[in-house]
Amino acid sequence: MKKTTTLLLIIVAICLAGTWAKAQNSGKIKYVFLFIGDGMGTNQVFLTEKYNELTKSEPLVFMNGQWSFGLVKTDCADSNKVTDSGAGGTALACGERTNYGMIGEYQGKPLESIAEYLHNKKNYKVGIITSVPLNHATPACYYGHEPTRRNYDNIIHGLIESGFEFFAGGGFQFGNADTTKNIYRDFDAVVHNMTENNYQLVYEEASFKADNASSNHRVVLIDTAIRNRQAALKNVYGEERNSLPFALDFPEYKMQLAKYTEKAQHFLFNDKGFFIMVEGGKIDWACHDNDALAAIHEVNAFNEAIKKAYEFYLKHPKNTLILVTADHETGGMSLGSGQDEYGAVKSNKYALYIRKLLQQKKSYIFTDKESLKKIQEDAQIGWTTDEHTAAPVGIWAIGRGSEHFSGIMKNSDLKAKILFLAK
């Protein structure tokens, strides 16, 4: 009898343990981090890994072997056209491919982004963070709906109307594609409109106390010291003056994107959930100028932000999902070029000399083009273009439901996959 009773107790205990384990692994994701390395192809990632090994720097956290891995096809709706951050970002954000240069719409129809859905239908709080202007293409796809990414003023209006609780970035671009329909003359005009719509402008990251968001508290964080530094740059595009500095040029700002990410997760934390999109936008800019070392430093700065989300995941593993991907690849980077500047095959063509990059001290902004080109050749890093390519990009995932992001998928698949896990 005792043996029978003991056996029954063991069976019951096993059943209860199974039920408990199932309960622990059930339920929806509540905290979603989506990291987009603009222009970050797999070669940009693997080159950074090799550079970090050479310089004895910390490895990329999303390459530690614990993350699921897949490939994302980056096509847009146009036939025979390589995507841009407008169409690529829209596919990631809205779950539908659109035409080159469009923001959150297709054929005149607004597309609901995952951020808008979670915010308006699920009461998630939302944070949008970038190293470039806040109304640049990638961040705009989560709140804007425009036929062209050049409608910067209209996109600012969309940002304000979104009601999202947290924004942080370099600043804003101004104007519209049709200049007769411009809205904002300068930064002060934007600030005035934002404050009238219940947004608090924060001009110093260090002074911002990231307590949990109240029901009517919204923040836009743009550091004045950074804006002033960037405004002083000579011979650069206006976008550069409204972005975070290149980490290679000003290492003291390497952690800025990470600081914004940490502030956002503290500020937005609540029982219902949050969605945070973080863009490493200047990876793309470095690759447009075929500057491998600047790209490496931007990937590493991007990684610092991912580490902040990873630390959060370790505290909340049962209902957190982190995704790291890109909207497209930029530059057609190759690890090994095998050719000199005239296209002739070198005698030692199977070579990659990453150490040669160490002779470079500053990004393309402060380095003349011929010197930069020579450094890439010496390192045997090749570039097929100074524009985007149609190469697939990587996607790394960790947390609840991360297995859904392995294999090969379309860029427009991400929204549905995340929403399935958030049900």
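What pairs come out if I take residues in region 94-114 that are at positive phi and pair them with residues that are surrounded by fewer than 20 Cβ atoms within 10 Å (Cβ to Cβ) and among the aliphatic types (A, V, I, L, M) whose C-beta lies under 7 Å away, six or more apart or interchain?
GLY95/ALA416
Could you say whether any residue in region 354-362 is assigned to a loop (DSSP other than H, G, I, E, B), modelled with pLDDT of 95 or more, among the basic types (Lys, Arg) and surrounded by 13 or more Cβ atoms within 10 Å (Cβ to Cβ)?
Yes, some residue in region 354-362 is assigned to a loop (DSSP other than H, G, I, E, B), modelled with pLDDT of 95 or more, among the basic types (Lys, Arg) and surrounded by 13 or more Cβ atoms within 10 Å (Cβ to Cβ).
Could you tell me which residue of region 216-256 is surrounded by the fewest Cβ atoms within 10 Å (Cβ to Cβ), considering only residues that are free of Cβ contacts under 8 Å to residues at least 12 places away in the same chain and among the hydrophobic types (A, V, I, L, M, F, W, C)?
Among them, the one singled out is ALA232.
In region 326-340, how many residues are of a type outside the set (Ser, Thr, Tyr) and in a loop (DSSP other than H, G, I, E, B)?
Residues meeting the conditions: 8.
Can you tell me which residue is surrounded by the most Cβ atoms within 10 Å (Cβ to Cβ) among those in region 67-94 that are under 25 Å from ILE398 (Cα atoms) and either at pLDDT below 95 or of a type in the set (Phe, Trp, Tyr) (or both)?
Checking each candidate, the answer is TRP67.
Taking ALA213 and the conditions (1) at pLDDT below 95; (2) farther than 21 Å from THR148 by Cα; (3) surrounded by fewer than 20 Cβ atoms within 10 Å (Cβ to Cβ), which numbered condition does it fall short on, given that it satisfies the others?
Result: ALA213 fails condition (3) only.
When you scan region 213-325 for helices (runs of 4 or more DSSP H) that lie fully inside it, which ones turn up with 3 or more residues that are of a type outside the set (D, E, K, R)?
Qualifying helices (runs of 4 or more DSSP H): 224-231, 256-268, 282-288, 292-315.
Can you tell which of GLY144, GLY101, GLY175, GLY171 is under 29 Å from ASN303 (Cα atoms) and touching a Phe, Trp or Tyr at 6+ places or on another chain (Cβ under 8 Å)? Walk me through it before giving the result.
Working: GLY144 fails: touching a Phe, Trp or Tyr at 6+ places or on another chain (Cβ under 8 Å); GLY101 fails: touching a Phe, Trp or Tyr at 6+ places or on another chain (Cβ under 8 Å); GLY175 fails: under 29 Å from ASN303 (Cα atoms).
When all the criteria are applied, what remains is GLY171.
Give the residue that is surrounded by the fewest Cβ atoms within 10 Å (Cβ to Cβ), with candidates limited to residues of region 404-423 that are under 22 Å from GLU116 (Cα atoms), touching a strand residue (DSSP E or B) at 6+ places or on another chain (Cβ under 9 Å) and of a type in the set (A, V, I, L, M).
LEU421
The values are calculated or read from the model by the stated rules, or taken from the named source; none is laboratory data. Source: prediction; values computed, not measured. Glycine gets a Cβ as well: all are built from the backbone with ideal geometry, and neighbour counts include every protein chain shown.
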